[in-house]
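Heads up, the thing below is written out as C-alpha cells.
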Amino acid sequence: MNQTVQELDAKAVAAMSPTDLLQTLHSSSDGLTSSEAAQRLAQAGPNSLPEQHVSLLMRLARYFWGPIPWMIEVAALLSALVRHWPDFVIIVLLLLFNAGIGFWQEFKASSALDALKKQLALKCRVKRDGQWLQIDTAALVPGDVVRVRLGDILPADLKLLEGDYLSVDQSALTGESLPVSRKVGEVVYSGSVAKQGEMIGVVYATGVNTYLGKTAQLVQKAGAVSHFQKAVLSIGDYLIYVSLGLVVILVLVELQRGLPWIELLQFALILTVASIPVAMPAVLSVTMALGALALSKEKAIVSRLESIEELAAVDVLCSDKTGTLTQNKLTLGEALLMNASDAATLNLHAALASQPDNGDAIDQAVYAAQNDKTTPAGYKAEGFMPFDPVGKRSEGRWTTAQGQPFTVTKGAPQVILDLCGLDAAARGKAQAWIDAQAAKGLRTLGVASKTGEGGWQLDGLLSLFDPPRPDSRQTIADAREHGLQVKMVTGDNVAIAREIGDQLGIGRNILAAGAVFDTAGQSPGVSLADRIDAADGFAEVFPEHKYGIVKALQEAGHRVAMTGDGVNDAPALKQADVGIAVSGATDAARAAAALILTAPGLSTIVKAVEEARRIFERMNSYAIYRITETIRIMVFVVLAMLIYDFYPITAVMIILLAFFNDVPIMTIAYDRTAVDPQPVRWEMQRVITVSTVLGLIGVAETMLLLWYAHDVMKLDMGSIQTFIFLKMAVSGHLTLFVARSKQALWKKPWPAPALLWSAIVTKVLATLFVVYPLGLIAPISWKAVAIIWVYCLFWAWVEDRAKLAVYRHFDREAPRHRAFLGLLKQRVFRPHHSAGA
C-alpha cells in the first residue's frame, strides 16, 4: 500500500473525484481482496483508537515498588539477617497482602471495562473478494468499499461513491443537533450516524488518521492532576517525616547507650513500617473499588478510581444539552393554522406526507403526535416521494374514500410557501410566525395539500423542538441542593439554548461561546474566568471552547465535572476533574471519561455524587485514624525508651499491632457515613489538627498506663510490654470509632456491621492472645485485661470530647464564636431595622 494513503485528509479527498481517489488508494468499486486487506491491516494497524495495555506482571510489580514497599522490604531483609523469623514471616505476609489487595481491585476494574468495550464492539458491511461481508470495524483498511444505511455508525472516514443521498448525524463530532445531507463525491466521517438513505463509499482513513482520531489526539494534551494523589502524598510525607525524625532521635540516643546497632536498626525500621501508612494504598483502593461497585449498580461505571474522590469535591457540572438534558427526539410544538380546519387535520395531512418506518426524525415526530395512528378509512396509498436535500420536501399521493386523488406535502417552510403561491398578506402572516419561532430557536415545517389537479393550499405550519427529559428539571434542582452549579453547554444556537435553560430552571444567561472567548469583546476589568463563572451556560460551542470553559473554571478554583457523548467532547472530558461520558457516548468519549453512564439523563450523576461523598468521608476517617496511630505509636515508643531505657513493646508486637489494626480496617470501605450537603475536599489543616490532638491524647494516656504498670504495679518488663500491647490493640479501633464521624461517638450514622464486628473479633483475639500467648509473649491476668479495657473506654470518651471541640473551633461553632457573631449581628443589623421603622 502506498504510504501516502495514510496522509490523505478530508480537504484533499473532497477535491478528488471518486475515480481519482480509488486510483490513489489502489482500489476499485469491487473493493479489495482478502489478502490485500490483510497486508494493509498489518501496515496501517487496526481501525480503532490506540490504548495502552500494561501486562499483569508489570501491574503486580508496581505494588512492590515505591518508598513504602521499599521500607517494608528492607525491614524483612534485616529480620532475615538477624534470624528473627517470626518478624520476617509477618512482614512478608503484610507486604503480600497489601500488594494482593491493590492488584486484585485494579484487575477487577480493568476487566469490567474490557467487558464493557467488547459489548460495544461495532460491525460493518464491506466488499471483499467481490462479496459483501459483515466484519468488525477494527478490521477495516483504506481502500475498503463499505455500505452504510439507516441506523449505521459510520465505521471510518469515507468518500461516497454510489447512491442517491445520505442524511448523517454529526453531533458526536461537531456538536450540531440537526442531521446534514451528503451525496456522491462528498465526505462523511467516522463516528457519524446514518439517519436516512443508503450509500456506498470507499474508506480513505482509519483509526487515528480519521477526523475522529485526530480530534481524540487532543485528549493527550489534556488532564488535570488528581487531588486525591496530592492528598495521599501529603499524608504519606507528613507521616514519613515524623516517623523518620523520631527514629533518628531514638537511634542516636540508644547507640550512645550501647545497644547493638543491627538490632536497634531492625527495631527502628519495624517501628517506622508500623507507623507510616503501610496499608494506606490498599485501604483506599478497597474503599474506592467498593464505591465503584456501588456506582455500577446505579448505572455508572468508574474507569479511574481516583475520580470518585474528585466527584465528591465537584461544585460545577457542565452538562451537554442534546440527549442529556433533552430527549434528543424531535417533537411537534406550537402550530399556525392557515387552511386546515384544526390542529388534528393539520397533523393528519403532515402524517400522510410521511412514512413511519423510514427512520426520518421529522416523520417519527409527526407520527408520534397522531392520536389515531391509523390511515383514514377508505384512503388508499398511491405513491410516496421521500424527502430529498434538493427539493427539501416529501410528498404522499392518496386516493380518498370517494375515489378522488389527494396529494399532501411537507417540508422546508420557504419551499412550501413558494409552492402554494400565497398572496402578500398570507405570506407575511406565515413569515412573521416563522421568524417568531426562529427567535426561540425552533425549526418549522410547512404542510400543504391539493385535491385532484387543483392548486396547492397551505394547510399550516408546525414547529419542531427537542423536548427536555421529564426528570431534567428535578435533577437540576437536586444537583443545586447538593451544592452543584449546573451550566448547559451545547452546539445549538443561543435562542434555543435560552429557551431550554429557562424551562429547566438553569437560567437564561446563555452566552455564545465564540463571543465569550473573543478578547476584543470583553468588558474592561472582567476576566475570562469571571465571565464563564457568571454564565448559566454556553451555546454555539466548538471542541476548543469546551476545553477552554473547563480550564477557565478550574483556574477560578472550581472542581469541574463535564458531560459529553462525542469525540468533540473528549478533550474537555479529559481535562475536567471528572469527565462523564453519558449514555450512548462514542468510544473516544468513553476513553477520555472517568465516569461512564449507561442510563440516560443526569439523575445518575446526582446519585454518584452522593456515593462519592460517602466514600470520601470513609477515606477522610481513615486518614485521621492513620495519622493519629502514627503519632500515638511513634511518640510514645520514643518517649518511653528515652525515659525508661527499655523497649516498651517488642518488634513482634509492633508487627502484630499493624496486622490487628490495618487488616480489619479494610472494612471501613463498608462503613455507614453521612452525606455532606456541600462539595467536600481534603482540608489537610483540619485533618492533621484533629489527628494530632487525638494522637497526643493517646500518647498521654499510654504513658500514664506505662507509669502505672512500671511504678505502681511493679510489673516485670515482659508483663509491661504485654500490658502496653493490649492497650494499643484495644484503643486502636476505639480511636477509629472516634475519628469516623464529626458527630459524637454514639450518634448516627452508627458503624456498619462489618466494621463493628471486625473490631470486636480482632480485639477479642488480641485479648485471648495476651492471656494465652503460647509462649510468644509474657501472659497477663484477666484482672489486668479488665483494667485495660475500662481504661481504654474512658479515654475513648475523652478523645471524643476533644474531637468535638476541635471541629467546633474549625466550624466557628464554639460558644465564644457564637457569642461574637451574635454581638456582631446585633450591631450591624439593629441600626438598619431602626431606620426602616
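Take 194-201, 394-401 and order them by the average number of nearby Cβ atoms within 10 Å per residue, most first; the result is 194-201, 394-401. For Asp459, nonlocal amide neighbours, meaning residues 5 or more places apart or on other chains whose placed amide H falls under 5 Å from its own, are Asn339, Val447, Ala448, Ser449.
The slack between Lys747 and Tyr644, meaning 0.36 nm per residue of separation minus the straight C-alpha distance, is 33.1 nm. Near Phe406, the amide H atoms lying under 5 Å from its own belong to Trp398, Thr399, Thr400, Gly452; only residues 5 or more places off or on other chains count, and H is placed 1.01 Å from N. Along segment 413-429 the Karplus relation, 6.51 cos²θ - 1.76 cosθ + 1.60 evaluated at θ = phi - 60°, assigns HN-Hα couplings of x, 5, 5, 5, 4, 5, 4, 7, x, 5, 6, 4, 5, 5, 5, x, 4 Hz to successive residues, with x for each Gly and Pro. Between Asp502 and Asp711, the contour length at 0.36 nm per residue exceeds the Cα-Cα span by 67.6 nm. Of the residues Phe538, Phe384, Phe636, Phe406, the one with the fewest other Cβ atoms within 10 Å heads the list, and the complete ranking is Phe384, Phe406, Phe636, Phe538. By definition, a body whose alpha carbon gyration tensor gives a ≥ b ≥ c is prolate when a/c is 1.5 or more and a/b is larger than b/c, and segment 638-716 fits this prolate description. For segment 331-465, pairs of C-alpha atoms spaced more than 24 angstrom apart make up 22 percent of the total.
Kindly state, to the nearest 0.05, the FRET efficiency for Ser35 paired with Ser296, given R0 = 51 Å and r defined as their beta-carbon distance. Efficiency, from the Cβ-Cβ distance: 0.70. Among the listed pairs Lys195/Lys410; Lys183/Lys546; Lys714/Lys783; Lys727/Lys748; Lys299/Lys487, a Cα-Cα separation exceeding 20 Å is found for Lys183/Lys546; Lys727/Lys748; Lys299/Lys487. Legend: ranking of residues Cys318, Cys124 from fewest to most surrounding C-beta atoms inside 10 Å; resulting order Cys124, Cys318. Computed FRET efficiency, Cβ-Cβ of Ala436 and Ala138, R0 45 Å: what is it to the nearest 0.05? About 0.35, to the nearest 0.05. Between Thr689 and Trp65, the simple label model (points 7 Å from Cα in the Cβ direction) yields a spacing of 4.0 nm. For segment 199-209, the Karplus equation 6.51 cos²θ - 1.76 cosθ + 1.60, evaluated at θ = phi - 60°, returns couplings of 9, 10, x, 10, 6, 10, 8, 10, x, 6, 8 Hz by residue, with Gly and Pro reported as x. For the listed peptides 287-293, 500-506, a ranking on the average number of other beta carbons within 10 Å per residue, highest first, reads 287-293, 500-506. For segment 29-43, the Karplus equation 6.51 cos²θ - 1.76 cosθ + 1.60, evaluated at θ = phi - 60°, returns couplings of 5, 8, x, 9, 8, 4, 5, 4, 4, 5, 5, 5, 5, 5, 7 Hz by residue, with Gly and Pro reported as x. If R0 equals 30 Å, the separation of the Cβ atoms of Tyr670 and Glu481 corresponds to a calculated FRET efficiency of about 0.70.
Since every read-out is calculated from the coordinates, none of them should be taken as a lab result. Keep in mind it's a predicted model, so treat the numbers as computed, not measured. Reconstructed Cβ throughout: ideal geometry from the backbone, glycine too, with neighbour counts over all protein chains shown.
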